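Scroll down for the structure; my scribbles are underneath it.
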Amino acid sequence: MYKKSPGSWTAVGALAFGVAVGSLQMTVVVPLLPRLARDLDASPATVSWILTAGLLSGAVAIPLLSRLGDLYGRRPVSLAALVLLVAGSVLSAASDALAPLIAGRVLQGVAAPLLPLAIGLVRQALPGHRLPTAIGVLSATIGVGSGGGMIVAGLVDGDKKAVFWMLAGLGALALALVAGLVREERGPGRRDGRLDLTGAALVSTWLVCLLLALSKGAEWGWTSPVTLGLLVCAAVAAGCWVVAARRAASPLIEIPMLLHPGTVGATVASFLIGFALFAAITTISAYAQEALGASVLQVGLYLLPTTLLMFAVSVLAGPLMRRFSPATLVACGAALVALAALWLAALRGGGPDLYGATAVLGLGVGLGYAALGTMAVEHVEPARTAAAGGVNALVRVLGSSVAGVLGAVVLSAGGPGWAFVLAAGAALLASLFAAVHGKARLA
């Protein structure tokens, strides 16, 4: 276990950098897809597998690596995830064909569980009164990495090789920082047990089937036999997983924890805020490039206020959570996200209005994500921290996936205005749910 000293904050910084790089690898490929389609002489639908592959591997890795971290140590599992991120980045950078590029993206996606693993580590490292600030910083770096992906892609003008070599370098730096600054010893944050292989297989099956149907349904047809078959397979596998988890002595994801009021509140809010953020960011990218003629770098600059303010707000999370409950802060943050999305829906151009709206978006998401990290784990014992954080991270990925599907449909049918309204509606629901949930917990 760490010594609870100022040096622990250097470990928090190292972990936060790793989490940011792990989230960066997901969004950095979004602006690359049109150019990759031309370079690889492939259809946009085929090239979209580059994004889908990382999403699927990340969704499978979150519950699996979170559980492994709880059982065998979060530091070694985090280091392994970073090694795979670097390996995947090198493979992607060196690839001139679609198949090895997709394989590299699968390896990169394994970095998705870095946030719940990091939260488990800092919960051991710091005293209770400092945890909200540390968890807030870690949670907000998800958004920092998401917004930073556009900037990184823009800095190298969408050059695929340069982007992935840059990711390899950043991943190697994160690996060195975590290896050198983060320590973990066996203690109350670790517990004995064995990996639930049946649960891992069933969770992987229903996640892959569900996310594959969501990500490719528009291309294959929502009523096509393949899409419907995947959705049925997902439902059957999920039902079998619930039965198996209730019977297992040491399940991959514990059903009572899923049904705990604290977990339910954080889970629903995380899904909706993740939906709203991803819908807003992807629609801003499409709007800026199509309506304003912006380059990839200009899109990143439009999102710079979001990135910077998310991180700045996360630093203030600790003092705020000493005065207000996490649920209250999540409700306020989600309300700001809804306001920003409605502001974006009313835009008729770029300039100060666009920067103002993205600034409010950063304030809202930063506040919401920072408080969600604490809300997800405050009710569980330390040994289950990574598992609880993993559930929260998983539903955020699911929310982003659904946002990608529905956002694209609404964007093509009604334009960016309605896509922003969709994001605002999700954020407003998150705000209302968090507010009601907070009052219920106090009653």
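Which one of A16, A87, A53 is closer than 22 Å to F311 by Cα and modelled with pLDDT of 80 or more?
The conditions single out A16.
The residue of the range 346-362 that is farthest from A426 (Cα to Cα), among those that are crowded, with 20+ Cβ neighbours inside 10 Å and in contact (Cβ under 8 Å) with a residue 60 or more places away in the chain, is L354.
Among the residues of the range 59-94, those identified as over 23 Å from L202 (Cα atoms) and of a type in the set (V, I, T) are V83, V86, V90.
Each row is one residue, and each column tells you yes or no for (1) over 16 Å from the mean Cα position of the chain (by Cα); (2) modelled with pLDDT of 75 or more.
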| residue | (1), (2) |
| --- | --- |
| V397 | no, yes |
| S401 | no, no |
| G404 | no, no |
| V410 | yes, yes |
| A419 | yes, yes |
| A434 | yes, yes |
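Inspect the range 87-101 for any residue being surrounded by fewer than 24 Cβ atoms within 10 Å (Cβ to Cβ), outside any helix (DSSP H, G or I), over 21 Å from the mean Cα position of the chain (by Cα) and on the phi > 0 side of the Ramachandran plot and give the result as yes or no. No: zero hits. Screening the candidates A238, A218 for the property of being crowded, with 16+ Cβ neighbours inside 10 Å, small (G, A, S), modelled with pLDDT of 90 or more and assigned to a helix (DSSP H, G or I) yields one hit, A238.
Do we have A426 as within 30 Å of R67 (Cα to Cα) and at pLDDT 80 or above here? It is true that A426 is within 30 Å of R67 (Cα to Cα) and at pLDDT 80 or above.
Yes/no per residue for (1) out of contact with any Cys (no Cβ under 8 Å at 6 or more places or on another chain); (2) outside any helix (DSSP H, G or I); (3) of a type in the set (V, I, T); (4) surrounded by fewer than 24 Cβ atoms within 10 Å (Cβ to Cβ):
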site	(1), (2), (3), (4)
L258	yes, no, no, yes
A269	yes, no, no, no
I273	yes, no, yes, no
Q289	yes, no, no, yes
G293	yes, yes, no, yes
L301	yes, no, no, yes
L308	yes, no, no, yes
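I'm checking my understanding of the structure. Among residues of the range 102-122 that are of a type in the set (V, I, T) and at pLDDT below 90, which one is surrounded by the most Cβ atoms within 10 Å (Cβ to Cβ)? Residue satisfying both the conditions and the ranking: I119. So, in the range 12-46, of the ones that are part of a helix (DSSP H, G or I) and of a type in the set (S, T, Y), which residue ends up farthest from I102 (Cα to Cα)? Applying the filter and picking the extreme gives S23. In a residue-by-residue description of the range 134-151, the property of being over 22 Å from G13 (Cα atoms) and polar (S, T, N, Q) applies to no position.
The values are calculated or read from the model by the stated rules, or taken from the named source; none is laboratory data. Note that this is a predicted model, so its numbers are computed, not measured. Please note: Cβ atoms are built from the backbone with ideal geometry, for glycine as well, and neighbour counts cover all protein chains shown.
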